[in-house]
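S.K.: Please find one structure pasted underneath; my questions will follow.
The values are calculated or read from the model by the stated rules, or taken from the named source; none is laboratory data. All of these numbers come straight from a predicted model, not from anything done at the bench. Counting neighbours? That spans all protein chains shown, and the Cβs are built from the backbone with ideal geometry, glycine included. What goes into the accessible areas is simple: the full protein's heavy atoms, side chains included, and nothing from ligands, DNA or RNA. Shrake-Rupley method; radii C 1.70, N 1.55, O 1.52, S 1.80 Å.
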Amino acid sequence: MPQRVNIGLIGTGYMGKAHAIAFKAAPTVFSLSATPVCDLLAEVTDELAERKARELGFNRSTGNWHTLVNDPRIDVVDICSPNYLHKEMALAAIAAGKHVYSEKPLALSAADAREMVVAAEHAGVKTLVGFNYIRNSATQLAREIVASGEIGELIHFRGRHNEDYLSDPTLPHGWRTKRMTAGAGALGDVGSHILNMAEYLTGQQISDVFGQLQTIIPERPLENGEGTGEVENDDHAQALLRFESGLIGNMETSRVASGRKMGLAYTLTGTKGAIVFDQERMSELQLYTQAGPQARRGFKTILMGPEHPDYVAFSPAAGHGLGYNDQKIIEVRDLIEGIVGNKALYPNFRDAWRTNALIEAIERSHAEGRWVHINEM
Ligand code: NAI
């Protein structure tokens, strides 16, 4: 009989549903060493938890997340709540000896993230953070191409993650626009993805940043309809990046970039070629190499197919395409194999702490008008 891994899911909004889909689908897509079981679900009330457990296919429900983290049958606590709850929930789960799968950004601050790293490493539990875009076939391929030296030595990284989900000024103040519940704004939300991606793709750590942040819509209607409130974090941000090897690059991120729906994109330039990618066309990778005569050189489009990382598990047919939720299914495969096979997981709490430190370094750089080294965080 295959081993079972009992999952306790906290939060059933956008991400909670995506995680539930992934847990259900992962054993169908991949041949797993153990089966994830959607066992217990926690929401803010008993009624909501019960309804969501029915909809998402969980065995049991509770209106109190403390009950979930202390349940002896739960192996993995999966945190899909707003950012400000990640730390408290993760520390409680770790204290109860559970493995923790958390959404990003890991915490509101680098200091909080650090505390979570220390607790998890001391307890010896496994951790994984939901920077799912690195699981896309095309992005896994980009990393392989860089690592193989096919485009020579990397000389530049350019990355952005721009969306327009808050470009409408009539959209209300929510947890994402408040410091106490979100931490940084676009920089922490979508910007965290491109910072993690920069380190994943290059295989190098960012050491120094020079940042700039802006809030474009300073006030938003309050959720209770009574007047407006001040937006407490950035709507967009950009930064110059310096990696430990001396490699240079830049990043930009926005939640008010009109027209950009899933604008995570990067260009990796090497001494012998380049890679260009845009998540709005997530099945395509553009590759330029210096092979062949000058008159025939140019970027070619590689359409993902069964020869590319993790694609064939979903489909034997080239060019049919993976989607956003498939990245989560791959992430869940890695989670289960990491736990059952006791393998290292990436990005774990320590890796995600780096991302929190980079976010804070960019904010400090903006405030003080100078380059900031990550070790200052
Ligand atoms: P959401 O607002 O749609 O859902 C949050 C859920 O948490 C709600 O169902 C809410 O009722 C529940 N919740 C709040 N307090 C709770 C409590 N005390 N106990 C139990 N449940 C509670 O938020 P969304 O968009 O799903 O974001 C959740 C997390 O996922 C955030 O950290 C966010 O940054 C991250 N995220 C990650 C994405 C990715 O691509 N990896 C995409 C979107 C969000």
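S.K.: I need the per residue convex hull volume for the chain, using only the alpha carbons, in cubic angstrom as a whole number.
M.R.: Cα-based convex hull of the chain, divided per residue, equals 148 Å³.
S.K.: So what's Rg/Rh here for the stretch 145-236, counting alpha carbon atoms and using the Kirkwood radius for Rh?
M.R.: Rounded to two decimals, Rg/Rh equals 1.13.
S.K.: Taking loop as defined by DSSP and a crowding limit of 16 other beta carbons within 10 Å, which trypsin sites (Lys or Arg not before Pro) in the stretch 140-220 fit?
M.R.: none
S.K.: Ordering HIS122, HIS66 by accessible area with a probe of 1.4 Å, largest first, what comes out?
M.R.: Reading off the accessible areas and sorting them downward yields HIS122, HIS66.
S.K.: Follow-up. Ranked highest first by the average count of other Cβ atoms within 10 Å around their residues, in what order do 349-356, 223-230, 257-264 fall?
M.R.: Going from most to least packed, we get 349-356, 257-264, 223-230.
S.K.: If you roll a 1.4 Å probe over the chain with all protein chains in place, what percent of the accessible area is carbon or sulfur?
M.R.: Result for the chain: 50 percent of the exposed heavy-atom area is carbon or sulfur.
S.K.: What are the ³J(HN,Hα) couplings of the stretch 41-51, residue after residue, when phi is run through the Karplus curve with 6.51, -1.76, 1.60 and θ = phi - 60°? Round to Hz, x for glycine and proline.
M.R.: Taking θ as phi minus 60°, the curve returns 10, 10, 9, 6, 9, 4, 5, 5, 4, 5, 5 Hz for the stretch 41-51.
S.K.: Please state, as a whole number in µm²/s, the translational diffusion coefficient that the Stokes-Einstein equation yields for the stretch 1-106 at 25 °C and 0.890 mPa s, with Rh defined as the Kirkwood radius across alpha carbon pairs.
M.R.: Diffusion coefficient, whole number: 181 µm²/s.
S.K.: Considering only Cα-Cα distances, which of the following residue pairs are longer than 18 Å: LYS52/LYS104; LYS24/LYS87; LYS98/LYS126?
M.R.: Pairs exceeding the cut-off: LYS52/LYS104; LYS24/LYS87.
S.K.: Distance between Cα centroids, the stretch 251-304 to the stretch 5-22: provide it in whole Å.
M.R.: Spelled out, the Cα-based centre of one part sits 32 Å from the other.
S.K.: When the solvent-accessible surface of protein heavy atoms is calculated with a 1.4 angstrom probe, in what order do ARG255, ARG364, ARG54 fall, highest first?
M.R.: Sorted by accessible area, descending: ARG54, ARG364, ARG255.
S.K.: So, one more: Given the whole protein assembly as supplied and a 1.4 Å probe, what does the accessible area of SER31 come to in Å², nearest 10?
M.R.: The value for SER31 is about 120 Å².
S.K.: With the chain treated as a Gaussian network of Cα nodes joined by springs under 10 Å, which of ALA184, ALA34, ALA22 yields the largest mean-square fluctuation?
M.R.: Among ALA184, ALA34, ALA22, the largest GNM mean-square fluctuation belongs to ALA34.
S.K.: To the nearest 20 debye, what is the magnitude of the charge dipole of the chain about its Cα centre, counting +1 on the Cβ of each Lys and Arg and -1 on the Cβ of each Asp and Glu?
M.R.: With only Lys, Arg, Asp and Glu charged at Cβ, the dipole is about 900 debye.
S.K.: Grab the Cα-Cα distance for GLU368 and GLU307, subtract it from 0.36 nm times how many residues apart they are, and report the gain in nm with one decimal.
M.R.: 17.1 nm
S.K.: Out of all DSSP beta bridges with both ends in the chain, state the antiparallel percent to the nearest 5.
M.R.: If we restrict to bridges inside the chain, about 60 percent are antiparallel.
S.K.: Next up: Percent relative contact order of the stretch 229-377, based on C-alpha pairs within less than 8 angstrom and at least six residues apart?
M.R.: Relative contact order of the stretch 229-377: 10 percent.
S.K.: Something else about it: Per DSSP H run of at least 4 residues, take -39500 (n - 2.57); add these up for the chain, divide by its residues and hand me the 222 nm value, nearest 500 deg cm²/dmol.
M.R.: Calculated from helices alone, the mean residue ellipticity at 222 nm is -10000 deg cm²/dmol.
S.K.: If you don't mind, another one. What are the aspartates and glutamates whose alpha-carbon lies under 13 Å from the alpha-carbon of LYS300, with same-chain residues fewer than 8 places away excluded?
M.R.: The reachable aspartates and glutamates, counting only those whose Cα sits under 13 Å from LYS300, are GLU284.
S.K.: Sticking with this one: Can you send over the solvent-accessible area of PHE314, 1.4 Å probe, protein chains only, in Å² to the nearest 10?
M.R.: Its accessible surface works out to 50 Å², give or take rounding.
S.K.: I would also like to ask the following. Would you mind getting the accessible area per residue of the chain, heavy atoms of the protein chains only, 1.4 Å probe, in Å²?
M.R.: With the other protein chains kept in place, the chain gives 42 Å² per residue.
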